[in-house]
Amino acid sequence: MLEVLTGSGLAASAGLNAYVPLLLMGLLSRYTDLVELPSGWQWLGNGWVVLILAVLLAVEVVADKVPVVDHVNDVVQTVVRPTAGGLAFGAGAGSETVTVSDPDTFFSSHQWVPVVVGVFIALGVHLLKAAARPVINATTAGVGAPVASTAEDATSVVMSVVALLLPVLVLVFLVGLVLFVPWLFRRRRERRRERAAAREAGFRV
C-alpha cells in the first residue's frame, strides 16, 4: 500500500511539474541515505542526469509563469509530464525509503504496470492544471499566472517529499484533488455563461 501511495504521489507531482519528483529522487539518492533507488533506476542519481533535470526545471519554472507562454508550455508538457509521471511512479514504488524498507517484488512480474499507472495519474493531473490555467488567467487578466504557477511548483515539491517520506499523507492531496474537480468545471461553466452574456449584450448594442 505504501508503495502505491509513494508512486501515486510522485506521479501526481510530475503532473504539476515534470522535473521536481525526478530531480528530488536523484538528489536524495545521490547525496543522502533517505532514498535507495532500485537497480533499474539508479541512473536518476547520475551527476549529469541531476544537472540536466535541474536545468530543465529552471526553464519550466520560468516559462510556466508567463501568460500565453504558459499555455504553449502546457501543450509541450502534455507529453513530458505523463512520461515523467511514469518514470517517477516506477522508480518511487520500487525504492527503499524511510517508510518503505522492503518493496519486495512490487509489480516485479509486470514492470511496465507501475509506469503505465504513473503515466495516467500524471496525465490526469496535467489536464486539470492545463484546464484551470486559462480560467485563472482570464479572471485575473494574467496576473494570477505566476501566483498559480508558484503554488503548483510548491505543491509539487511538498507532494514529492511527502510521497517519499510520509506517503500516507498523499491521501490528503488526493481528497483535495477530488474536491477541486467540481469547482473547476463549475467555474468553467460560469466563464462560458459570462462570455455568452457579453456577446449577447454586444449584439444588442
Residue check for E36: charged (D, E, K, R), open to solvent by 60 Å² or more (accessible area, probe 1.4 Å) and in contact (Cβ under 8 Å) with a residue 40 or more places away in the chain: yes
Determine, yes or no, whether T105 is β-branched (V, I, T), at pLDDT below 85 and surrounded by fewer than 21 Cβ atoms within 10 Å (Cβ to Cβ). yes
Qualifying positions in the stretch 52-76 - of a type in the set (V, I, T) and part of a helix (DSSP H, G or I): I52, V55, V59, V61, V62, V69, V72, V75, V76
Selection over the stretch 19-37 where residues are farther than 16 Å from E60 by Cβ, out of contact with any strand residue (DSSP E or B) (no Cβ under 9 Å at 6 or more places or on another chain) and assigned to a helix (DSSP H, G or I) yields a count of 5
Test: W41 is part of a helix (DSSP H, G or I) and more than 20 Å from the chain's Cα centre (by Cα): no
From the residues in the stretch 44-90 that are among the small types (G, A, S) and either open to solvent by 50 Å² or more (accessible area, probe 1.4 Å) or more than 21 Å from K129 (Cα to Cα) (or both), which one is farthest from the chain's Cα centre (by Cα)? G47
Among residues belonging to the stretch 23-33 that are open to solvent by 10 Å² or more (accessible area, probe 1.4 Å) and not charged (D, E, K, R), point out the one that is nearest to V162 (Cα to Cα). L24
Could you tell me whether P167 is farther than 16 Å from F89 by Cα and either surrounded by 13 or more Cβ atoms within 10 Å (Cβ to Cβ) or modelled with pLDDT under 75 (or both)? no
For the structure I just gave you, tell me whether V20 is touching a Phe, Trp or Tyr at 6+ places or on another chain (Cβ under 9 Å) and open to solvent by 10 Å² or more (accessible area, probe 1.4 Å). no
What is the residue count in the stretch 11-28 for residues that are in contact with a Gly (Cβ under 9 Å, 6 or more places away or on another chain) and closer than 22 Å to S39 by Cβ? 7
When you check V115 against the structure, is it surrounded by 21 or more Cβ atoms within 10 Å (Cβ to Cβ), outside any loop (DSSP other than H, G, I, E, B), of a type outside the set (S, T, N, Q) and modelled with pLDDT under 85, yes or no? yes
When restricted to A132, A122, A198, A141, the only residue modelled with pLDDT under 80 and under 15 Å from the mean Cα position of the chain (by Cα) is A132
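The values are calculated or read from the model by the stated rules, or taken from the named source; none is laboratory data. Nothing here was measured: the structure is a model prediction, and the numbers come from that model. When we count neighbours, we look across all protein chains shown, and the Cβ atoms used for this are built from the backbone with ideal geometry, even at glycine. Please note that ligands, DNA and RNA were not included when accessible areas were found on the heavy atoms of the full protein model with its side chains. Shrake-Rupley method; radii C 1.70, N 1.55, O 1.52, S 1.80 Å.
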